[in-house]
Amino acid sequence: MTETIHCPIAAPRPAMRRRAAWPLRALLLCSTLPGLAACGGGGEDGSGTDYSVDVPVAPDSGGSGILGSYFVSSFAPYEALASQLRNSALYAIQQVSWNFKATPGTVYDSFAPASSRVEYAHAVGLTGKGQVISVVDAGFLTTHETIADNVANVQGGMPVDDHGTAVASVAAGFSDTMVGIAPNAKLALGYYGGTTALANATNTARTLGAVAQNNSWGFVDLSGNTLYVSPTNYATIFGSGNSYSSALVNYAADGVVVFAMSNETSDTNAGLMEALPVILPQLEAGWLAVGNAIPDFDANGINSVQLISSACHEAAAWCLLADGTWNAATAASDTAYGFNVGSSFAAPQVSGALALLAEAFPALDPHDLRLRLLASADNGFFTPDQWLEIENGLKHGYNDTYGHGFLDLRAALLPIGTPQVTLADGNVTALNAPLIVSGSAFGDAVTRSLSAVDITVTDSLNAEFRTPGGTLAATAGLPDIGTGRLARAFTTGLATRRVASASALSDTFEGFSGRSVGGRLRDGGLSAAVLLPQGGDDYGISLSTALSEGSTRLDLGLKLARDQGALLGLGTDAGANDLFAVELALSQDLAGDGFLSLTGEVGLASLAGTGILSDVSTASFNSLGVEFGQRNLATRGDRLSFGARMPMAVTSGSATAVLPVTRAIGSTSYEPVAIDLAPDARQVDLSISYQRPIGDNLELLVELVHAENLGNRAGARDTAAVFGLSWSF
């Protein structure tokens, strides 16, 4: 038996000196690739085309998206920077049209880093810093400008070789000419010259805590054919008590072994190493196989792929695809580069991706990151026929040809599944709906108070994200002021609104759900309004008496009510809140059929806080209103009025929520967060209305109303026109 790599034919070319540090800054204004060759698939030669690129703007080191630095719920804020990176010389060197010399009529268009969405990781500042990638290969030029600063460990006795140098530069290279996937990751370089050397390299990877061990090679038989996975072939290679198999089991218990698929498209089975978990199932949690495919893709995803390596076959459940077309470092000199095609250069993209994810999610181990790559792989271009349960009921589809699909770093950095928060009592609550839904009387008070801190949430794969605490809360839907004003008018009664002696407290249940009815009691000294529940809506009663009557009328009222959540709710369900209010109204007839009305109330509410809230206090609230106008203006019985009103709002109250507060990336502590229940902004309704009788039993209302700070939320506003007809019979 012999060992072989999937070997490229590489042509060197000069490049500028390596810059010392990230971030990206392209200095190469124009680059050409005249007639370089590559091998892949059947191992044939190819030729390239010429292209030119622009100079980009250097990226920021981290973002401030909705879910915090590095961790975003949408990459929309980074699209411009991602585009600049794609157009930079460091990226565009990988954008090339090429063909195998044996089939010159078949031209492939490759842009490997862009197809894997690597630029999005770089745009938010991820570089693999603090991570180690083990690369086991034929040899390396350790002084090459792309990797010299990143080499942390070198196995003794290794030769200098183009293939290993190129693979290492794809995984973690950086220079003025090209950038690899994780350009700040450290490299542990090992030799594949026999199972003893392989065992030593694997043990070193384990000792160094490498997040991934990249293997861009495979076993072949004496005729050069892929050595397929089988118990017989396993016994032939590893024998009994082989140190390499033990080293793999030990390393894969913590890290992730990445193997390139064979480049032979005609293979009918997976190679021994790519599919080794078939023989040793304990390896699967730390194993990935990577095939080579040229994708047709756009901003939304992969549309189709042309596979130019072996299909995934028996390795399908742990297999990914990437475009293994790279201009990468060669061993000809410290500044030499060449064009390469093969699964050998798809695999280090996955290894580098693991390093980027390890930097992004420090609380996750390499096995968690492996699952993240599988769960986020783009499988939209084929129909899955098998499903892998990733974790917590989350499944991802795959098939024997394409495995789980194409590497997608952008998707891997976004929340996967349903975000959730672990509360102080240990309960894990899904964030598919707000944890607190506050009524309109609170406005945005709860959201504002919680937004003072960042909290830690996790997705379905236990990745930690940082989000403003305010995302846990929402306010009940904004009131429809048009519907509300119409309901108020006809509940009160259009006719009674034209009478000076009518109580200004007759619309006391404005803002509550349900239907209110009212009138004077038989003795004439006391008025009552009753809020009738409809299907479990609010209910209450208000009693008022006229302290003085005539042209000047003063009414005093008392109100008892139960609100089911629209006004004073503090939970995810309709919590019942009891309230008591004292109401006062002054109505004054002015000369010439003019009138003035002042109303107000103050009250207390016993709040039914639920869920994450504790220590919920009694809340005080009030409402105010003024209206003035003229009767009998155009015809007898009509009424023109102007009004200003502040609906019910909480004026004082407090609560506490104990939340996982994020003080720094990876640092979370449960802390009590004080919540001020009084909104900063009060709703103000400005209105002008006109009503008149148009028959013995018919009444017309036309009203224009504008609300500022609608729902007691700063900046929210609405305007409505109301037209109504009332017919009595």
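Computed from the coordinates by the stated procedures, all read-outs in this text should not be read as laboratory data. Since this is a predicted model, take the numbers as computed values, not measurements. Note: ideal-geometry Cβ built from the backbone for every residue, glycine included; neighbour counts use all protein chains shown.
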**OP:** Between beta-carbons, use under 14 Å as the cut-off and find the net charge around Thr651, counting Lys and Arg +1, Asp and Glu -1.
**Re:** -2
Subject >> Eligible lysines near Lys186 by straight Cα distance, threshold 24 Å, same-chain separation 8 or greater >> reply: Lys129
**OP:** Could you please rank Tyr670, Tyr402, Tyr228, placing first whichever residue has the fewest other Cβ atoms within 10 Å of its Cβ?
**Re:** Tyr670, Tyr228, Tyr402
Original post:
Can you give me the Cα centroid spacing of segment 258-293 and segment 350-420 in angstrom?
Top reply: 17
Original post:
So who's got an amide H within less than 5 Å of the one on Ser309, skipping anything under 5 residues away but keeping other chains? H placed 1.01 Å off N, in plane.
Top reply: Asn292
**OP:** Report, by chain and number, residues whose modeled amide H sits under 5 Å from the one on Thr418, excluding near sequence neighbours (fewer than 5 apart, same chain).
**Re:** Ser460
Original post:
With a sphere of radius 13 Å drawn around the Cβ of Asp296, what net charge do the other residues whose Cβ falls strictly inside it have (Lys, Arg +1; Asp, Glu -1)?
Top reply: -4
**OP:** Between beta-carbons, use under 13 Å as the cut-off and find the net charge around Ala322, counting Lys and Arg +1, Asp and Glu -1.
**Re:** -2
Original post:
By count of other Cβ within 10 Å, fewest leading, how are Ile675, Ile308 ordered?
Top reply: Ile308, Ile675
Original post:
Ranked by Cβ crowding within 10 angstrom, fewest neighbours first, how are Thr552, Thr204 ordered?
Top reply: Thr552, Thr204
Original post:
Sequence-distant or interchain residues sharing an amide H contact under 5 Å with Asp638, placed H: which?
Top reply: Asn632, Leu633
Subject >> Table column - 3J(HN,Hα) (Hz), segment 199-213, Karplus curve with 6.51, -1.76, 1.60, x for Gly and Pro >> reply: 5, 5, 5, 5, 5, 5, 4, 5, 4, 7, x, 4, 5, 8, 10
Original post:
Cα-based Rg of segment 68-195 per 2.2 N^0.38 Å, rounded to two decimals?
Top reply: 1.20
